[in-house]
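Written below as structure tokens is the structure these notes are about.
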Amino acid sequence: MNPGLELKEKIISTIFISAAVLSSLLLLGMLLFILRESWPIWSQVGAMDFLSGTAWRPVSTPPQFGIAPMLISTMWVAGGALLIAAPLGFGCAIFLAEFAPAPLPAMLRPVLNMLTGIPSVVYGFLGAAVLIKFFELRFDLASGESLFAASLILAIMILPFITSNSEAALRSVAPEYRQAGMALGVSREYMALRVLVPLARRGMMGALVLAFGRAMGETMAVLMVAGNTLMLPFSWFNKGEPLPALIALELGSSIPGSIHYQALFAAGLVLIVMVIAVNFGVNILLRRLKSGVKQF
Amino acid sequence: MIVVRGKTWLSILLISVLALCLLSGCAGDKQGSETTPVPTEKASIKIGGSSTLAPIIAKCADNFTEEFKTWNKVDSSLPDEPIVIFVSTGGSGFGLKSAVDGTFDFGMVTKDLKDEEKAQFANGSITQLGSDVLDIGVNAANPIAKVKPNLTTEELVAIFSGKVKTWKELDPALPDRPIVVAVRDLGGGASEVFDKAIMKGTPISPEALQIPSMGALGGKIMDNADTIGYVSSGLVNQNPDKIIPLSVDGIAPTLENINSGKYKIGRPLLLLSKEKPDAKQQKFLDYLQSDKGLKVVEDLGYIPVAR
């Protein structure tokens, strides 16, 4: 091999490796920083009390720090959004990949992608101005904010993620399966639902996880429609304050270095760990799943 | 022979530049703190903090920039440079923090400073432009404005702590609908003021809606007939037919009552800087405290500081 080429390869691979290392170091550094900032909470309040406490009174004396209502709100909001968006997203993806007549996917895809480009504050604004008002008038509620409203807004936001990633997974199924299916004369429905979807299962699950992580971390839209009450939410239609909303709402007014400030950092750490845990969990699950085609 | 084409060189160059940028971030702030005992002349003035004060300062900055355009027109001893003033929002706590760590030249803060907070600005400046009074506001469609235009401190505590849950419980003549309590985020400037004047440590109801900005809180009251909340008097004055202010212990939030100190729910509008303002910054401060600046404070519905 040409020695010059070899050197060039080396340089390039060094650059790539250092970029990769740097970005992982950034993540690690960020985690360490947040851990350091929030350390007094873990050592003084204790992880159990912090996570399971139901009273959040950061500026009372003595202050109380319990983020259970926020944790549950976060799960309701993100899980609910997934519940609404997953069937829609998978349906869209299957339609676009398998059933749509030729010019349609090319026209619909940019529209869907454009949905991802809309700033979340715009979604939040629409939610606060239209959705909340609608709930108040339609159902004669005293106030229309709810976790459900937040889930609805989030569902629209994560729909394009689920659709485009699932569609890509469906399209990347090897053509042999399709040809074999056609040769056997199965219907299009059978081919899509029984052959292609199981084969693309990993990719589609991945799309869900990506969407779930995004939904958990979304701030602005949720902040504007979830109501931000400190109550423990018992149903989807209660109000609540998801973790990102809590942090966004209170970080600006907390005094740096105070226990309140540290508690918000601790809440941030919990949020990051949750997102990372979901990613890891699903990765492990996916490895077990492998491909979903039954072997006879 | 080593063959490296132009494109590769370019990418290596770009990456080294990026890496240098990253590295330089590590060292930057240390140098700054060692070498800046004297206020330096900066190209722009950066101001940030309270969402209540931001519109006032932004309006003044606009007027100031439009009137003078360059610094030498403000004062002939200043250089011929365009006036650039940045104003950004983020809450009183953020304003305080950014003024201390130097992110902003001035921090906008709308709350009473604690002594230890004041001490951080001993070498700098603390300027009060006026005060913001919190009115207890309700929707214009709420019959309470006619039935019961005056609430006592005890009644307010009962409402905001969630003890009284419906309007009917408050007064039998009022509709049997839930009271929607709207507050600003706990720990924020406004909620601190309200706690000091009314709640005195009683926790706010966990069912209260926490609204991320004063404007949105006013909007919530205007949109929803069952809402009660504390709103900046400025917002009430800007929307006289939509938000109805209630009296507290028989004292209405009128200008006389506020200026005489009878009406208690209020907070100062402050600009803080960590270092002595330089010549340009001082000129802008002077402008804010001039008739023109205080007129803006008044126009936006706040109470300008007495001169």
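Think of the protein assembly as shown as having a plus end and a minus end, set by charges on the Cβ of Lys, Arg, Asp and Glu; of B:181, B:119, A:93, A:93 sits farthest toward the positive end of this dipole.
Here, chain A yields an orientationally averaged convex hull projection of 23.0 nm² when only Cα atoms define the hull.
Over the stretch A:3-45, the alpha carbon radius of gyration divided by the compact-protein estimate 2.2 N^0.38 Å works out to 2.01. Note on the stretch B:183-307: Cα-Cα pairs beyond 20 Å make up 54% of the total pair count.
Placing R0 at 41 angstrom, the Cβ-Cβ distance between residue A:258 and residue B:176 gives a FRET efficiency of 0.45 after rounding to 0.05.
When the P(r) of the protein assembly as shown is calculated, the portion above 38 Å amounts to 46% of the C-alpha pairs.
For the pair the stretch A:3-41 / the stretch B:57-118, the C-alpha centres are spaced 38 Å from each other.
Taking Lys and Arg as +1 and Asp and Glu as -1, the other residues whose beta-carbon sits under 13 Å from that of residue A:182 total 0. Legend: residue pairs A:239/B:262; B:196/B:295; B:220/B:274; B:163/B:200, Cα-Cα distance threshold 27 Å; pairs beyond threshold, A:239/B:262; B:196/B:295; B:220/B:274. Residues A:125, A:90, ranked from the fewest to the most other C-beta atoms within 10 Å, line up as A:125, A:90. What does the charge count near residue B:123 come to, summing +1 for each Lys or Arg and -1 for each Asp or Glu among other residues with Cβ under 10 Å from its Cβ? Local net charge: +1. For the segment B:181-191, counting C-beta atoms of other chains within 10 Å of every residue's C-beta and taking the mean gives 5. Using C-alpha pairs under 8 Å with a sequence gap of at least 6, the mean separation divided by the residue count of the stretch A:98-233 gives a relative contact order of 39 percent.
On a 0 to 90° scale, report how tilted helix B:6-34 is relative to the longest principal axis of chain B, with both axes built from alpha carbons and the result rounded to the nearest 10. Tilt relative to chain B: about 60 degrees. Mean Kyte-Doolittle of at least -1.0 and a Cα length of 27 Å or more along the axis: which whole DSSP H helices of chain A meet both? Both cut-offs are met by A:3-40, A:68-94, A:147-171, A:259-289. 3J(HN,Hα) couplings calculated from phi for the stretch B:187-196 with the Karplus curve 6.51 cos²θ - 1.76 cosθ + 1.60 (θ = phi - 60°) are, in sequence order, x, x, x, 5, 5, 5, 4, 5, 4, 5 Hz; Gly and Pro show x.
Based on alpha carbons, the Rg and Dmax found for chain B are 24.2, 96 Å. Here the protein assembly as shown is treated with +1 on each Lys and Arg Cβ and -1 on each Asp and Glu Cβ, and its dipole about the Cα centre works out to around 1980 debye.
Quick note: the coordinates plus some simple rules give every number you see, no bench work behind them. All figures in this text were calculated on a predicted structure; none of them were measured in a lab. Glycine gets a Cβ as well: all are built from the backbone with ideal geometry, and neighbour counts include every protein chain shown.
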